[in-house]
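K.L.:
Sharing a structure below in structure tokens format, with a few things to ask.
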Amino acid sequence: KINLFWFRRDLRLEDNCGLHKALQSGVKVLPIFIFDREILDQLSDKKDKRVDYIHQALEEINQELNKYGTCLKTFYGKPFEVFEKLTEEYDIDTVFCNNDYEPQAIKRDQKIAEFLATKEVKFSVHKDQVIFEENDILKSDRTPYTVFTPYSKKWKENINKIEIENFQINGNNFFPVKDYKEILSLKEIGFEKTEIEFSKPSLDSKIIDTYDQNRDFPAMDHTTHLGIALRFGTISVRKCVKFAQKHNETWLNELIWREFFMQILFHFPHVVTQCFKKKYENIQWRNNEDEFKAWCEGNTGYPIVDAGMRQLNETGFMHNRVRMVVASFLTKHLLIDWRWGEAYFAEKLLDYDLSANNGNWQWAAGCGCDAAPYFRIFNPEEQTKKFDKNLQYIKKWLPQDALLIRPIVDHKQARERALKTYKEGLAVE
Ligand code: FAD
């Protein structure tokens, strides 16, 4: 008999709950990873930085596993078909993995679990990606929270009642493999290498200790850039939370926002395609394609917006403060459907995560849970004065000639138009 450990959004050996449990099961463990065709074939950019990131993380895992006398077996295909083959090849007792809460992943896992059951193989799923899962933090009437502040209060109360574990692994319990195999190359899965060498994620106290004071100033770049590591699990969230508890409460709140939006997506999966607050579906978006293109390319004539979009296009990252400004600009000033902006971010962001992206876009558009009221519209110039007063961020990302672009809309008129359109939309019964 053999056990499998299936890596997904937990690409590390250190402090990995499911892997720890698998290695304690008493049956030798073979680690696997599936490059899921159903996801990868949808990506149009064959130099997708996130695929390269995953690949680099897997190479590192494979090297570490070699030291334990085993290797990471990788596959390219549909997970269901891969498991059909694996059950023929091996006498499997249990497939271990960590829970994934996105709607597609839930469907995939149900299908796999059902199939494995027909082969009398157990499917053992563990909590690793979050501290608290969707049903761990509920209101007293057992319904989910939809407002952040009481959710975070309960989250903090509950964390004091538990001990945050560190799931070390026992390297002696891997299934021994004689000829170590390389993992599948990027080419074999239809992708190419990018120029980026990703560094190992780490918790930097220089950033985190003063996060609350500096996080809002984009030129300082004083946030951790750990989004991608949390997305693919190359860092343990338990380790982050323990660090945050000691170092900075504001940073801890950000990690709680992450879990807040995850449980929203779980309990209200309609948000993937629809407004959390359904009556916002009546807003008459203008959806002007030329204006959308100008926004995407950073040619709106609003320097803070354009600098942000250019940072995103060049690096796959945008500072949070600027994300809020560009999202507000798209949905309010240009009256373009938040779903267009969400999709563009999904394509470009290294740290793209369905729950956080969707939750924040709906927040910006005013249609989400616990969103900013729609009549609070960011003024790009005021935001610049407050958060980039020496124009350092703008100058970094915007070439001189881009400063000459004429504003695509007048702030005052656009603001009034947005207020009117939202008001009319919300008045529809
Ligand atoms: P830090 O500021 O160091 O925060 C640490 C971690 O906390 C982040 O890496 C992230 O995992 C989490 N976090 C922080 N802020 C939020 C938040 N508002 N909501 C949920 N989690 C948060 N974040 C994503 O992880 N993926 C996305 O696709 C994403 N899309 C966004 C879209 C818009 C329109 C906006 C306004 C925000 C979006 N965010 C998203 C939230 C936030 O901007 C990023 O998490 C943050 O900028 C990433 O930088 P960092 O890793 O340096 O984070």
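The values are calculated or read from the model by the stated rules, or taken from the named source; none is laboratory data. These numbers come from a predicted model, not from an experiment. All Cβ positions, glycine included, derive from the backbone under ideal geometry; neighbour counts span all protein chains shown.
K.L.:
Please specify each residue of region 107-159 satisfying the condition of being in the same structural domain as Ala244 (by TED's automatic domain parsing), among the polar types (S, T, N, Q) and surrounded by fewer than 13 Cβ atoms within 10 Å (Cβ to Cβ).
P.N.:
Once the filter is applied, which keeps residues that are in the same structural domain as Ala244 (by TED's automatic domain parsing), among the polar types (S, T, N, Q) and surrounded by fewer than 13 Cβ atoms within 10 Å (Cβ to Cβ), region 107-159 yields Asn135, Ser140, Thr143, Thr149.
K.L.:
Could you please find all residues in region 100-126 being in contact with a strand residue (DSSP E or B) (Cβ under 7 Å, 6 or more places away or on another chain) and either among the hydroxyl-bearing types (Ser, Thr, Tyr) or touching a residue at least 60 places away in the same chain (Cβ under 8 Å) (or both)?
P.N.:
Listed by number, the residues that qualify are Ser124, Val125, His126.
K.L.:
While we're on this one: Regarding region 325-338, can at least one residue be identified that is farther than 20 Å from Glu281 by Cα and surrounded by 16 or more Cβ atoms within 10 Å (Cβ to Cβ)?
P.N.:
We begin by selecting, within region 325-338, every residue farther than 20 Å from Glu281 by Cα; these are 325-326.
Checking which are surrounded by 16 or more Cβ atoms within 10 Å (Cβ to Cβ) leaves us with 325-326.
Yes: region 325-338 contains one or more residues that are farther than 20 Å from Glu281 by Cα and surrounded by 16 or more Cβ atoms within 10 Å (Cβ to Cβ).
K.L.:
Let me ask something additional. Pick from region 85-104 the residues that are of a type outside the set (D, E, K, R) and part of a strand (DSSP E or B): which of them is nearest to the chain's Cα centre (by Cα)? Break it down into steps so the answer makes sense when it comes.
P.N.:
Restricting attention to region 85-104, the residues satisfying the condition of being of a type outside the set (D, E, K, R) are 86-87, 90, 92, 94-99, 101, 103-104.
Next, only the ones that are part of a strand (DSSP E or B) stay: 92, 94-98.
Values: Ile92: 32, Thr94: 29, Val95: 25, Phe96: 23, Cys97: 19, Asn98: 16 Å.
Taking the candidates together, the pick is Asn98.
K.L.:
Look through region 302-321, keep the residues that are under 19 Å from Arg258 (Cβ atoms) and part of a helix (DSSP H, G or I), and return whichever of them is nearest to the ligand (Cβ to nearest atom).
P.N.:
For region 302-321, the residue satisfying everything is Asn320.
K.L.:
A follow-up question, please. Condition first: within 16 Å of the ligand (Cβ to nearest atom) and surrounded by fewer than 19 Cβ atoms within 10 Å (Cβ to Cβ). Now tell me which residues in region 268-295 satisfy that.
P.N.:
Phe268, Val272, Phe292
K.L.:
Please specify each residue of region 388-426 satisfying the condition of being under 20 Å from Asn287 (Cβ atoms) and polar (S, T, N, Q).
P.N.:
Answer for region 388-426, where residues must be under 20 Å from Asn287 (Cβ atoms) and polar (S, T, N, Q): Gln413, Thr421.
K.L.:
Here's something else I'd like to know. Give me the residue from region 18-55 that is among the aliphatic types (A, V, I, L, M) and in a loop (DSSP other than H, G, I, E, B) and, out of that set, nearest to the chain's Cα centre (by Cα).
P.N.:
Only one residue fits best here, namely Leu43.
K.L.:
Do we have Val409 as crowded, with 17+ Cβ neighbours inside 10 Å, hydrophobic (A, V, I, L, M, F, W, C) and within 30 Å of Gln104 (Cα to Cα) here?
P.N.:
No; evaluated as a whole, the condition is false for this residue.
K.L.:
Next question, about the same structure. With the requirement that a residue be charged (D, E, K, R) and either over 18 Å from Arg8 (Cβ atoms) or under 24 Å from the mean Cα position of the chain (by Cα) (or both), what does region 56-84 give you?
P.N.:
Within region 56-84, the first condition is being charged (D, E, K, R), and the residues that meet it are 59-60, 64, 67, 73, 78, 81, 84.
Glu59, Glu60, Lys67, Lys78, Glu84 - these are the residues of region 56-84 that are charged (D, E, K, R) and either over 18 Å from Arg8 (Cβ atoms) or under 24 Å from the mean Cα position of the chain (by Cα) (or both).
K.L.:
Here is a follow-up. For Ala327, state whether it is within 16 Å of the ligand (Cβ to nearest atom), in contact with a Gly (Cβ under 7 Å, 6 or more places away or on another chain) and either part of a helix (DSSP H, G or I) or among the aliphatic types (A, V, I, L, M) (or both).
P.N.:
yes
K.L.:
Also, quick follow-up: Sort out which residues of region 357-370 are surrounded by fewer than 21 Cβ atoms within 10 Å (Cβ to Cβ) and either within 7 Å of the ligand (Cβ to nearest atom) or more than 16 Å from Gln263 (Cα to Cα) (or both), and write them in order of number.
P.N.:
Listed by number, the list holds a single entry, Asn357.
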